[in-house]
Amino acid sequence: MYRLQVVAGPDEGKHFDLTRGVNYLIGRSKSRCNLVLTDLDVSRIHMKIEVDQEGNVTIIDEDSRNGIYLNDELIKEKTTIVTGEQFKIGNSILQLIEPGTGEDSLQKPLSGNLAEDSSPPALDKKGGSGLQYNRSLPVFHNLTIGRGTSNTITLDHPQISRHHAQVVYRDGQYQIKDLNSTNGVYVDGVKIDNYAPLIRGAKIKLGGSHLIFDGDNILYEGKYQVGMINQKQALIIFTIIMLILFGLFLSMTAEQSFFSSTINFLLGTVQPLGVLAIILYFDREALQQPGQILKVFFMGGLLAIIGSLAIQLPLQDLPFFLGTGLAVQARIHFIISASSEEFFKLAAGLLFIWINRSPKRLADGILYCGAVAAGFSMLENFLYIAGTDSPTFTAILRNILGGHEFWGIIMGYFTGLSIFATSTKTRNLYLFIAFLIPYLLHASYNTLAGVDMLLGAQFITLFSAGLAMWLLKTNLDQRL
């Protein structure tokens, strides 16, 4: 009866036929969608298509991250489409056609400001620099440019913001929009304020990168690296050096030998850095902003530690919290320690999400809350080892049983969902869950560990780790 065909995007040429009285799902999920797309900006389940018995075709947004655009307008309600109409999801454009009508029925997305007899612009090379426009990308109705790998065009340059600019089709022509970038957007040498029209041959400058709009394509240079090492390698080297210096400094104040305390301090970095590395493995785009990661890791962890100590130190000596046994440990950790630590970790994560001026991603919750929790865990390990004469075995055991990083991932998952909540009630519910689950796991773990029920504490850690890894994978599926 009808056919839905991808006419532009990574899956151009892919199609499937529609039958009366059947509903279809479109997205990246191979297990649930009828038309599976590989477009990075398409959600797992992006939209639904309904075909009734009379042959009417309607499209419905399934709470997707980037929405559905019909005639360059974002549609929020159930909308009927007819044969020949195109709509856009992510960076893909789909068209409803009748099978057997041939390729002539397929329409290429319109390009703005093109004259039929105009010729492509000459590709400039900056004097002596050897700048080559060695890549090109067709212009669709929503193309983003920036340092982050989720953009349509990724420019790995230190003066490029994570989400720097966007090319959109509005008012009958293509225009470029500055996404509140640090260094601005220049078109033909003039810095733009918000939007600026793009005509054929327009020269675009973003930070230290130069692009050309030729009417059909954006021509741009390849990825940029500085010196012998790139930013990712510099982040790793800088972090290792700082941790070693910090550990050596604190080891001088520990109540044990210089060598053993240094080993213990280094052991205190193993799990926090290990779990942080797992987060970055699942969120490769985060490595495009190394300075932000370091700030969240160290400053976020420090803010959470200071806030927690400000609550715990005045309360821990009250008679209600003195004594031994399971009941006392439960009072201490359910009322004081777990509640204050999880609250301030969540507050620090939200603070850095708010400070980050770039457009938000679902993954930002795990990145920021996970990094804060990892920094908190490492600093807490340092304080614990510096204040005791614990042997190396205890330091190893503490790392194996620790759960702050896993609780941070769990917290971050629901915090990320709250960023994109469509109502205040839903956002507050996600934030409450982001606090509640880590708080209950944390308090239970501390209570059992406080009465030497290490087997039970380890079970909670393993459960937390499994839940955290599952949520990481779920988050990956939702955003890739």
>> Please verify whether residue 31 is open to solvent by 40 Å² or more (accessible area, probe 1.4 Å), in a loop (DSSP other than H, G, I, E, B) and free of Cβ contacts under 8 Å to residues at least 60 places away in the same chain, treating the condition exactly as stated.
In response: yes
> Under the condition of being over 24 Å from residue 163 (Cα atoms) and touching a residue at least 24 places away in the same chain (Cβ under 8 Å), which residue from segment 55-77 is farthest from the chain's Cα centre (by Cα)?
Replying inline: 55
> Which residue out of 321, 382 is farther than 30 Å from residue 420 by Cβ, without any contact (Cβ under 8 Å) to a residue 24 or more places away in the chain and open to solvent by less than 70 Å² (accessible area, probe 1.4 Å)?
Replying inline: 321
> Taking segment 467-480 as the search range and keeping residues that are open to solvent by 40 Å² or more (accessible area, probe 1.4 Å) and outside any loop (DSSP other than H, G, I, E, B), which one is modelled with the highest pLDDT?
Replying inline: 467
> In segment 58-80, is there at least one residue being of a type in the set (A, V, I, L, M), at pLDDT 85 or above and more than 28 Å from residue 151 (Cβ to Cβ)?
Replying inline: no
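Yes/no per residue for (1) at pLDDT 90 or above; (2) part of a helix (DSSP H, G or I); (3) among the acidic types (Asp, Glu):
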residue	(1), (2), (3)
376	yes, yes, no
388	no, no, no
397	no, yes, no
422	no, no, no
430	yes, yes, no
> In this structure, does residue 39 turn out to be closer than 28 Å to residue 148 by Cα, open to solvent by less than 30 Å² (accessible area, probe 1.4 Å) and not in a strand (DSSP E or B)?
Replying inline: yes
> Hey, residue 298 hits all of (1) touching a Gly at 6+ places or on another chain (Cβ under 7 Å); (2) crowded, with 21+ Cβ neighbours inside 10 Å but one; which does it fall short on?
Replying inline: (2)
>> Considering only segment 240-261, I want to know if a residue exists there that is out of contact with any Leu (no Cβ under 8 Å at 6 or more places or on another chain) and modelled with pLDDT of 70 or more.
In response: no
> Residues of segment 52-73 being open to solvent by less than 40 Å² (accessible area, probe 1.4 Å) and part of a loop (DSSP other than H, G, I, E, B), which ones?
Replying inline: 55, 64, 67
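Filter segment 449-466 down to the residues that are touching a residue at least 24 places away in the same chain (Cβ under 8 Å), open to solvent by 30 Å² or more (accessible area, probe 1.4 Å) and in a helix (DSSP H, G or I), then identify the one that is farthest from residue 91 (Cα to Cα).
From segment 449-466, those touching a residue at least 24 places away in the same chain (Cβ under 8 Å) are 449-451, 454, 457-458, 460-461, 464-465; that's our starting set.
Restricting the remaining residues to those that are open to solvent by 30 Å² or more (accessible area, probe 1.4 Å) gives 449-451, 454, 458.
Okay, now just the ones that are also in a helix (DSSP H, G or I), so 449-450, 454, 458.
On the way: 449: 50, 450: 53, 454: 51, 458: 45 Å.
Result: 450.
Among the listed residues 45, 26, 49, which satisfies the condition of being buried (at least 19 other Cβ atoms within 10 Å of the Cβ), under 24 Å from residue 362 (Cα atoms) and aliphatic (A, V, I, L, M)?
Details: 45 fails: buried (at least 19 other Cβ atoms within 10 Å of the Cβ); 49 fails: under 24 Å from residue 362 (Cα atoms).
Result: 26 is the single residue among 45, 26, 49 that is buried (at least 19 other Cβ atoms within 10 Å of the Cβ), under 24 Å from residue 362 (Cα atoms) and aliphatic (A, V, I, L, M).
Condition first: under 27 Å from the mean Cα position of the chain (by Cα) and buried (at least 18 other Cβ atoms within 10 Å of the Cβ). Now tell me which residues in segment 425-448 satisfy that.
Going through segment 425-448, the residues under 27 Å from the mean Cα position of the chain (by Cα) turn out to be 425-442.
Answer for segment 425-448, where residues must be under 27 Å from the mean Cα position of the chain (by Cα) and buried (at least 18 other Cβ atoms within 10 Å of the Cβ): 430, 431, 434, 435, 437, 438, 439, 441, 442.
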> Taking into account only those residues within segment 180-222 that are farther than 12 Å from residue 164 by Cβ and either among the basic types (Lys, Arg) or touching a helix residue (DSSP H, G or I) at 6+ places or on another chain (Cβ under 8 Å) (or both), which is surrounded by the fewest Cβ atoms within 10 Å (Cβ to Cβ)?
Replying inline: 191
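The values are calculated or read from the model by the stated rules, or taken from the named source; none is laboratory data. Since the model is a prediction, treat every value here as computed from it, not as a measurement. Neighbour counts are summed over all protein chains in view; Cβ atoms, including those assigned to glycine, are modelled from backbone coordinates with ideal geometry. When the accessible area is computed, the model is the full protein with side chains, heavy atoms only, and any ligands, DNA or RNA have been set aside. Shrake-Rupley method; radii C 1.70, N 1.55, O 1.52, S 1.80 Å.
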